[in-house]
Amino acid sequence: MASAKPSSGSKPPSGGRRGTRLLDARPPSSLWYGLAFLVVLGLAQAYFLTQTGQSIPYSEFKVLLKDGQVVDVTIGEQMIHGTLKQPAANDPKQLKQFITTRVEDPKLTEELESRGVKYTGEVASRWLMDLMGWLLPLIFLVAIWAFLFRRMSGAEGGIMSFGRSRAKIYADDEVKVKFSDVAGVDEAEDELREIVDFLKNPKKYTSLGGRIPKGALLVGPPGTGKTLLARAVAGEAHVPFFSLSGSEFVEMFVGVGAARIRDLFQQAEAKAPCIVFIDELDALGKTRVQSPLGSHEEREQTLNQLLAEMDGFDSRKGVIIMAATNRPEVLDPALLRPGRFDRQVLVDKPDVKGREAILRIHTKGVKTAANVDVKVVAARTAGFAGADLANLVNEAALLAARNDKTEVEMRDFESAIDRLVAGLEKKRVMSTKEREIVAYHESGHAIVASVLPGLDPVHKISIVQRGFGALGYTLQLPLEDRYLMTKGDLLSQLAVLLGGRTAEEIALGDISTGAQNDLQRATDIARAMVTEFGMSESLGAINYDGHKRARFLDIPIPQERGLYGEETAQKIDAEIKRILTEAHDKARQILTDHRGKLETVTRRLLEVEVMEGDELRQLLGIASTASPATAPSVSA
Ligand code: ADP
Ligand code: MG
Ligand code: ZN
């Protein structure tokens, strides 16, 4: 709707013209005229200086001098010219002026004096030499400069044509990608549908006075379909799609990236409603430019410009800014503030159902044999992202073609999986053994959390490897916001945290390194119970660590010690150990009692990879709870 506005519609082109003019290759034409004038002047001067008078040999000059024919002379550095009483007899032009080349003649002045000839020295022609002395190098430099400038800006996409000439490439007016081309990321899709709806019908939202999200940041591991999703949003909404990659902003010259951002937003505004998509946003938040001119100033300028544009943007005009990154941790926090990329959409690796759906999309255009079971392929490709699956289908098709088959068979898929898994090993895809350990571990957390009273209900268990460290997770959602926790709550929470490790002990008779984070958090809680919350009988209700914490549990304790002696320190350590041991015993008790259930949940989890809380409670024979409120707590 903003495209109808004449002012914003007509501004970009004129701005564009001004921009190119400033960076025009040719120096202003008045400079050329000035230079030409000087050269002509110099040549004329030289001509007149040399051509005034008849040229005679020096010997003849001496003869004329002796004859008393010379009236006056002007002695130059190289030439002598002067006036005769009358023109030389053989001179057809009857000139009184003469000129002769100067010869080394020390007695000349003596002679001139004795004959009463008026003589002067001359430096008149020197100025020209001086002028040429600096003018010539200057002309040369200007010529080189003009030449290089033209070279740089002449070619399409040359350095000087940044920002503008690429402009046409940005926009994709009709994106063909639809949500049906994306699978396995249903939650992200749901969140993005709202944006599609807004782009299709902005009035519906703005007439109620609602604030439209300005930006959505797609976060997730590489190859999970972030770029694809962003395009699908544009495709679904039938709006233009302006895209730029963060790495494209990194240029040699300071200010180029900022200019490009400005230009991008200017164009987008003219075409609203539309989507501006910045892929690989982390490149903007990270890269240092290897340039003697700019260092990382360039990056900062570009980033600042982006922030400024986002702030100055009125999202009611219908421009939605989307970005993608697989490294959210390196992003400048300023980008994530409200009014900027305030909405973050997690695009995670697909679970087994998602993988099946993705495989179905990518096998659509492939001739597959009847024996190909996509379900089996999906089950065998745990840890594969969407791009890996697309690659897998392609690889299988290539293998079949190499063997001159007319259809892609199951065997081709199997060899392709083997081949890709070997390649992905470097990217840390979990082995079967590791998956089993993780499944037991997460089941342990989940069972303890479900069996113990007073805890937040389990919302979801997952053994899909996340992009950000954890191999699996158990998500608990509280039913209501908590401001206080009782000692009993904390002890139960400790049992949940230790439940993962305990399940490994019980089921596998061995323990893995996967519990490191659990142990750390459990220890933190136990220490806080003893030293801050006064929950230990032997030490009493004393706060031993003299600092405050913003919210309990979630914030790691700084490694500073309060004011207490060695003896107290030992007592504290003993109390922490006692609390943790009791929690461990409690977890062991629960899991031993539910040994059969532990097995059931683990097997089911290995099968489906992501289990909802309701299914878990069903397996455990526990009544379902009401739907949860906010603030999830996660144990990995
Ligand atoms: P990202 O931007 O997250 O790194 P891309 O969107 O570039 O990943 O994905 C690369 C390709 O992999 C896509 O073009 C598509 O063919 C395939 N792909 C990735 N994720 C999915 C998905 N969820 N559904 C269908 N295809 C996918
Ligand atoms: Mg991408
Ligand atoms: Zn754990």
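The values are calculated or read from the model by the stated rules, or taken from the named source; none is laboratory data. Only a predicted model underlies this, so the values are computations on that prediction, with no experimental measurement involved. Cβ coordinates were reconstructed from backbone atoms using ideal geometry, including for glycine residues, and neighbour counts include every protein chain displayed. Quick note on the areas: whole protein, heavy atoms, side chains included, nothing else; ligands and nucleic acids left out. Shrake-Rupley method; radii C 1.70, N 1.55, O 1.52, S 1.80 Å.
How charged is the neighbourhood of LEU606? Take every other residue with its Cβ under 9 Å from the Cβ of LEU606, and add Lys/Arg as +1 and Asp/Glu as -1.
Every neighbour counted, the sum reads 0.
Ordering TYR119, TYR33, TYR58 by how much accessible area each has at a 1.4 Å probe, largest first, what is the list?
The ordering from most to least exposed comes out as TYR33, TYR119, TYR58.
Once the Cβ-Cβ distance between ILE511 and ARG360 is put in as r, and R0 is 35 Å, what FRET efficiency do you end up with, to the nearest 0.05?
Working from the Cβ atoms, E equals 0.30.
Testing the spin-label approximation: label points 7 Å from Cα along Cα→Cβ at GLU407 and THR486. State their distance in nm.
Taking the two extended label points, one gets 6.5 nm.
Please give the length that would be gained between ARG102 and VAL71 if that part of the chain were fully extended, namely 0.36 nm times their separation in residues minus their C-alpha to C-alpha distance (nm, one decimal).
Full extension of this stretch gives 9.4 nm more.
Would you please name the GluC sites (Glu not before Pro) within the range 319-412 that are DSSP coil residues with at most 15 other C-beta atoms within 10 Å of their C-beta?
GLU407
If the chain between GLN618 and LYS176 were fully stretched, how many nm would it gain, using 0.36 nm times the residue separation less the Cα-Cα distance?
Length gained, GLN618 through LYS176: 154.9 nm.
Set the bar at 20 Å for Cα to Cα. Now go through LYS176/LYS214; LYS460/LYS586; LYS226/LYS349; LYS178/LYS226; LYS178/LYS200; LYS200/LYS271 and name every pair that lies beyond it.
On the way: LYS176/LYS214 24 Å; LYS460/LYS586 23 Å; LYS226/LYS349 11 Å; LYS178/LYS226 13 Å; LYS178/LYS200 14 Å; LYS200/LYS271 14 Å.
Pairs exceeding the cut-off: LYS176/LYS214; LYS460/LYS586.
Please compute the modelled spin-label separation between LEU43 and ASN371, points set 7 Å along Cα→Cβ, answer in nm with one decimal.
It works out to 8.9 nm between the two label points.
Give me D for the range 352-422 in µm² s⁻¹, whole number, from Stokes-Einstein with Rh from the Kirkwood sum over alpha-carbon pairs, 4 °C and 1.567 mPa s.
111 µm²/s
Measure up LYS487/LYS597; LYS367/LYS433; LYS85/LYS107 against 30 Å on the Cα-Cα distance and list the ones that go over.
LYS367/LYS433
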